[in-house]
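Here is the structure we will look at.
The values are calculated or read from the model by the stated rules, or taken from the named source; none is laboratory data. Everything numeric here is computed off the predicted structure, so don't read it as measured data. As a convention, Cβ positions derive from the backbone with ideal geometry for all residues, glycine included, and neighbour counts pool all protein chains shown. Side chains included, ligands, DNA and RNA excluded: accessible areas come from the protein's heavy atoms. Shrake-Rupley method; radii C 1.70, N 1.55, O 1.52, S 1.80 Å.
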Amino acid sequence: MTLPFKAVAVDMDGTFLDDRKQYNHEQFDQILTEFEKRGIHFIVASGRPYARLQQDFSKFTEQMDFVTLNGSRLIIKGKQAAGYPLARQDVLDLIQEVEGKFGKRAIMVFEKDIAYLHSAVPKTERDFLAYFAGKSDIVDNWHDLPNEDIFQITVDLDSSHYAEIEQMFNLKHQNQISAFASANTAIDINVQGINKGAGLKRLLAKMNMTGNDLIAFGDGGNDIDMLDFAKYSYAMANGMSKVKEHAKFIAPANTENGVFKVLEKYLADED
């Protein structure tokens with residue numbers, strides 16, 4: 001029996017990575033090699049930027065494709081295939097409105113190769129958040145951000161507020177946004193219509209594939225569109241309840257190498 005999919009898409013935190021933010025490199029190398037033999041594409045679909053993912057997959061980057069920053073940047077074999085930035089003024093307005101509503105928050109602003117944090121954020125918190133950026137710097141004033149494309153904003157805020165932020169901004173602005181509960185205390189904000197599902201649709205189209213060719217794994221709110229898009233959709237056992245409602249199957253928890261277990265079973269059943 002041949003494998004029923006031609007592409008694999010995995011979320012990172014809470015899905016592909018265990019709770020120590022790690023994965024078994026040797027095991028992944030074996031799986032990736034088997035997929036390459038069969039012409040199957042391995043795609044990471046993450047809220048993380050490419051700068052961080054390059055570090056996560058330093059040995060494997062050229063063998064993979066990436067839907068980064070929730071679909072705001074698409075990377076094929078190390079090169080940007082598409083990008084969907086926010087308008088600079090919208091970013092400044094959004095930060096001001098979020099802080100006006102919820103008070104000063106730890107906010108990350110993601111440009112192409114670097115993320116920025118405000119210097120007013122305590123250093124210990126900045127250092128923690130900088131891990132997710134891969135490369136980061138600080139600004140004393142958001143208006144001092146370099147004049148480069150901005151692809152995503154991440155706000156350190158209880159995820160239950162994501163819909164409120166989206167509605168608050170979209171009621172007053174011509175350019176619309178989409179907000180996602182990417183973790184319990186993180187909200188990702190992108191251009192409206194940009195999400196992992198849309199990013200994967202565009203990426204796969206460049207490879208003459210559709211969602212019918214895709215198996216996908218996720219655990220968080222920003223994975224829902226991806227799971228809806230994929231024919232073979234797996235929510236992690238540790239995932240949010242609402243995410244499981246959008247998946248056809250449940251994979252073992254990320255702490256149990258759930259993604260690897262499912263993929264290895266497909267490979268074993270093929271043999």
**Request:** Could you please find all residues in the stretch 162-219 being aromatic (Phe, Trp, Tyr) and closer than 25 Å to residue 244 by Cβ?
**Result:** 162, 180, 217
**Request:** Please list, ordered by first then second residue, the pairs with beta carbon atoms under 7 Å, 6 or more apart or interchain, first in the stretch 240-262 and within 17 Å of residue 226 (Cβ to Cβ) and among the β-branched types (Val, Ile, Thr), second open to solvent by 40 Å² or more (accessible area, probe 1.4 Å) and in a loop (DSSP other than H, G, I, E, B).
**Result:** 250/237
**Prompt:** Taking the stretch 87-111 on its own, how many of its residues are open to solvent by 20 Å² or more (accessible area, probe 1.4 Å), in contact (Cβ under 8 Å) with a residue 40 or more places away in the chain and either part of a loop (DSSP other than H, G, I, E, B) or within 30 Å of residue 62 (Cα to Cα) (or both)?
**Reply:** 2
**Index of the failed condition, residue 128 passing every other in (1) hydrophobic (A, V, I, L, M, F, W, C); (2) more than 23 Å from residue 165 (Cβ to Cβ); (3) surrounded by fewer than 15 Cβ atoms within 10 Å (Cβ to Cβ)** = (2)
**Item:** Top-ranked residue of the stretch 69-79 - restricted to ones that are touching a strand residue (DSSP E or B) at 6+ places or on another chain (Cβ under 6 Å) and over 27 Å from residue 165 (Cα atoms), ranked as surrounded by the fewest Cβ atoms within 10 Å (Cβ to Cβ)
**Value:** 76
**Request:** Would you check which residues across the stretch 185-210 are of a type in the set (Val, Ile, Thr) and free of Cβ contacts under 8 Å to residues at least 60 places away in the same chain and list them?
**Result:** 185, 187, 210
